[in-house]
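What follows is one structure encoded as C-alpha cells, with my remarks underneath.
Each value in this text was obtained by applying a stated rule to the coordinates, not by laboratory testing. Note that the coordinates shown come from a computational prediction; the quantities given were computed from them, not determined experimentally. As a convention, Cβ positions derive from the backbone with ideal geometry for all residues, glycine included, and neighbour counts pool all protein chains shown.
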Amino acid sequence: MAAGALRPTAIAIHALGGQGGGVLVDWIVEMAEEAGWIAQATSVAGVAQRTGATVYYIELLPPQARRGDGALPVLAQMPVPGEVDILIAAELMEAGRALQRGLVTPERTTVIASSHRAYSVQEKSVPGNGISDSGAVIEAVRAQAKRLIHDDMQALAVRQGSVISASLFGALAGSGALPFGQDAFEATVRRSQVGVEASLRALRAGAEIAREPVRAEPTGSEAMQTAPRALPERAASAAVQPLLERIRERFPQPAWAMLGEGLQRVIEYQDLAYGREYLERMAALLTADVAAGGAGRGYALTVEGARWVAVAMSYDDIIRVADLKTRGERFERVRREVGAGAGEVVGTEEYFHPRLEEFCAALPRRLGAWILGAPRLSKWLARRLDHGWRVHSDTVSGHVQLRLVAGLRRWRRGSLRHARELEHIEAWLQAVHAALARDYALALEVVACRRVVKGYSDTHQRGSSRFDRLMRAAGMLGARPAAAQALASLREAALRDASGGALDERWQALGLPTLH
C-alpha cells in the first residue's frame with residue numbers, strides 16, 4: 001500500500017497539570033515505535049484552567065507507511081475537528097471542551113474519559129452552586145461519540161496505588177481502538193521501570209472498565225443531594241443523649257433527621273450548651289410553624305429551619321478555619337488527593353488573608369469594638385496586619401500556631417464576632433416570623449435566603465450584604481400575591497455571580513425601589 005493511501009490514527013489527550021499526561025503520551029509513542037510504527041507527539045500547554053490543561057496530540061502510522069528511501073511522512077501537529085480517532089480526557093469537563101472544539105464525531109471518535117471532577121475557577125467562584133452538570137456533559141459526549149468509555153479513573157488508580165495515566169492507558173488497551181494487544185501495553189509499562197506493579201494493577205483495572213458496560217450516573221442536582229441521616233437511637237456521647245431525647249419528645253418526626261444533623265453540627269462547632277441553645281431556637285420556630293398550619297405542610301418550615309439555623313450558628317471565623325486546617329482527617333484527605341505513598345512526606349502551606357476586622361472580631365466584644373471605633377489605631381494596626389500570612393501546618397511550629405488559634409473557641413461566646421452573629425440570627429428569625437404571619441411560602445423563602453451567607457472575611461461580608469438586601473426585599477414584597485416566588489428569584493440571582501449584577505437586574509425587573 002502506498003504511503004499516500006494511509007491515514008494516520010489521530011489521538012488527542014486532554015489532561016490537567018500533574019495528571020501525568022506526558023507519561024501517557026510517552027507510553028503510547030513508545031509502544032507504537034516498539035511495534036515498528038511511525039509516531040509523532042506534540043503538546044500545547046494551557047493556562048488558567050485549574051492547574052493548567054494541556055492538549056497532547058499523537059499521530060500514528062503503521063510500518064508499511066515507511067518509504068524505501070527512509071524519508072518519513074509529514075504528520076500534523078494539532079488535532080483537527082472531525083479528524084480525531086481517539087480522545088482521552090483525564091477530567092470530565094475536558095471531554096466537554098473537546099466536544100465544543102469539534103474533536104468528537106459520531107462516525108469516528110472513541111472517547112475515553114474520567115468522570116471525576118477538578119472544579120474550574122468559574123465553578124468555584126459562583127456564590128451558589130456553580131458546579132457544571134456532569135450528567136449533561138456525559139450525555140452530550142455519548143450522543144456525539146462513536147463510543148464512550150467513562151468511569152472515575154482517578155479513584156480507580158488511587159485504589160491500586162497508582163496515578164490516573166496508568167488507568168487511562170489501561171482503558172485504551174481495553175477499548176480495542178488501537179491494534180495492539182494488552183500484552184504490548186503491559187510490556188511498555190514494564191520498560192518504564194518506575195512504579196511498575198502499581199501501574200500494571202491500574203492498567204488492568206482500567207482495561208476491565210473499558211470492556212464492561214458503562215454504569216448510569218446521577219445527573220445535575222441529583223448527584224449533589226444527600227438525604228440527612230436518620231436520628232440515631234443512641235448518641236456517641238452520654239452527655240448528648242438527653243438532647244436526642246428532647247428532639248424525639250418535643251419535635252415532630254419529619255424534622256428529626258435534620259434536627260439531628262443540625263445538633264451534631266453546632267455541638268461539634270462549639271459545645272453542649274450551644275446545642276441546647278440551638279434546640280431552644282428551633283422550639284420557638286416549631287411553635288410558630290404549628291400555629292401557621294405547618295402540620296398540614298409536613299412541618300416544612302421547621303425542617304428547613306433546622307438546616308439553616310444550624311448553618312447560621314456555625315458561622316466561619318478564623319477560629320473555625322484554624323480548627324479545620326489542623327484536623328487529622330484533613331491531612332489524610334490531602335495525602336489521598338496528591339497520591340502520597342505511606343513513606344512519603346507531604347508539605348502543606350496554608351495561606352490566610354484575614355482583614356483587621358477578623359482580628360478584632362476574635363477579641364472580647366468591648367475591646368474589638370473599641371479598636372474598630374478608633375480610626376488612628378485601626379489604620380496603624382491595619383498596615384501591620386492586613387496582608388497575607390503563610391503557615392506551614394505540616395511543621396511543629398506552624399501546627400502549634402494554628403492549634404492556639406483554634407483553642408480560642410472556649411472564649412468565642414464573648415467575642416465581638418459572636419455578638420454580631422447572634423444579633424444577625426435573631427433579626428433573621430424575626431423576619432421569618434413576620435413573613436409567616438402573612439404567607440407560609442414566603443416564610444420558607446426567608447429561611448432559605450440564609451444560603452447566600454457563607455465563608456469568612458470578604459466572602460462573608462459580600463454574602464451578608466446580599467442577605468440583608470434580600471431581607472429588605474422580603475418586607476417590600478410581603479403584600480404582593482406572588483411574594484414567595486419573587487423572593488426566590490432574587491435569592492437565585494444573588495447566588496448566580498460574585499459581582500452582584502444578576503441581583504441588580506432582577507431587583508429592577510421586579511420594580512423594587514433603588515436603595516441608596
Query raised in the report: On a 0 to 90 degree scale, rounded to 10, what angle separates helix 182-192 from the longest Cα axis of the chain?
Result: 80
Query - Inter-probe distance in nm under a simple model that places probes 7 Å from Cα toward Cβ, at Glu349 and Ala236 - result: 3.4
Report task. For a footprinting-style exposure proxy, rank Thr514, Thr110, Thr459 by other Cβ within 10 Å, fewest first. Result -> Thr514, Thr459, Thr110
Query raised in the report: Dimensions of the range 420-516 along principal axes (Cα, Å, largest first)?
Result: 36, 31, 22
Requested in this report: May I ask which residue of Tyr440, Gly398, Ser464 lies farthest towards the positive end of the charge dipole of the range 350-477, with charges of +1 (Lys, Arg) and -1 (Asp, Glu) on Cβ and the Cα centre as origin?
Outcome: Gly398
Query raised in the report: For the range 420-516, what's the relative contact order in percent, using C-alpha pairs closer than 8 Å and at least 6 residues apart?
Result: 23
Query raised in the report: For Ile38, which sequence-distant residues (separation of 5 or more, or a different chain) have an amide H within less than 5 Å of its own amide H, given hydrogens modelled in the peptide plane?
Result: Leu61
Query raised in the report: How far is it, in nm, from the label point at Glu33 to the one at Arg66 when both lie 7 Å from their Cα along the line to the Cβ?
Result: 1.3
Report task. Using R₀ = 25 Å, calculate the FRET efficiency as 1/(1 + (r/R₀)^6) where r is the Cβ-Cβ separation of Asp458 and Arg376; round to 0.05. Result -> 0.55
Report summary line: Other residues with Cβ under 15 Å from the Cβ of Tyr299 give, with Lys and Arg +1 and Asp and Glu -1, a net charge of +2
Report task. Arrange Glu208, Glu357 by Cβ neighbour counts within 10 Å, fewest through most, would you? Result -> Glu208, Glu357
Query raised in the report: Going by how many other Cβ atoms sit within 10 Å of their own, how do Val189, Val111 line up, fewest first?
Result: Val189, Val111
Query - Rounded D (µm²/s) - the chain, Kirkwood Rh over Cα pairs, Stokes-Einstein at 25 °C, 0.890 mPa s - result: 91
Report task. Take the Cα pairs of the range 264-372, get the Kirkwood Rh, then feed it into Stokes-Einstein at 37 °C and 0.692 mPa s and tell me D in µm²/s. Result -> 187
Report task. Could you size up the charge dipole of the chain around its Cα centre, putting +1 on the beta carbon of Lys and Arg and -1 on that of Asp and Glu, and report it in debye to the nearest 20? Result -> 1740
